[in-house]
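Peer 1: Mind having a look at this structure? Questions to follow.
The values are calculated or read from the model by the stated rules, or taken from the named source; none is laboratory data. The structure presented is a predicted model; accordingly, all values stated were derived computationally and were not measured.
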Amino acid sequence: MGVIEYNRKRGLKIRAKQTLRTTTKKTIHALIITLTTMIVILAGVFLALTTESSGKGYELQQNKIKNETLKNENDNLKAKLNDVSSFVKIDENEKVGAMQSLETVAKTYVTVEDNKVK
């Protein structure tokens, strides 16, 4: 019988044996990369959340200041309204003095007979 030739298939590679030290180094590197990635992502999320909350705090402070300003303006307008509508101011008004009094105006009333349909 002849010699049997064995042709290895192309594309298949024989894996080299790995020592425990090489496997450990690869595992350590993968762990370091994973932990670094997690730390960076968590730090980014933390910064985004704290920035958003501080922005909302600033907006809340501005709204409180605006609220106080509007309350003061409301109080001033109420005081002006009370001052203008006081009886002393009304009596001093020229238009009120120019009005006719009710006693001098002739009064006519509608009676039942006026409302009947003819």
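Peer 1: Are there any helices (runs of 4 or more DSSP H) wholly within the stretch 6-105 with 3 or more residues that are acidic (Asp, Glu) and modelled with pLDDT under 85, and if so which? Step through it out loud before you land on a result.
Peer 2: Details: elements: 20-84, 87-92, 94-98.
So the answer is none; nothing clears 3.
Peer 1: Do you know which residues across the stretch 49-87 are under 16 Å from the mean Cα position of the chain (by Cα) and small (Gly, Ala, Ser)?
Peer 2: Hits for the stretch 49-87 are 53, 54, 55, 57.
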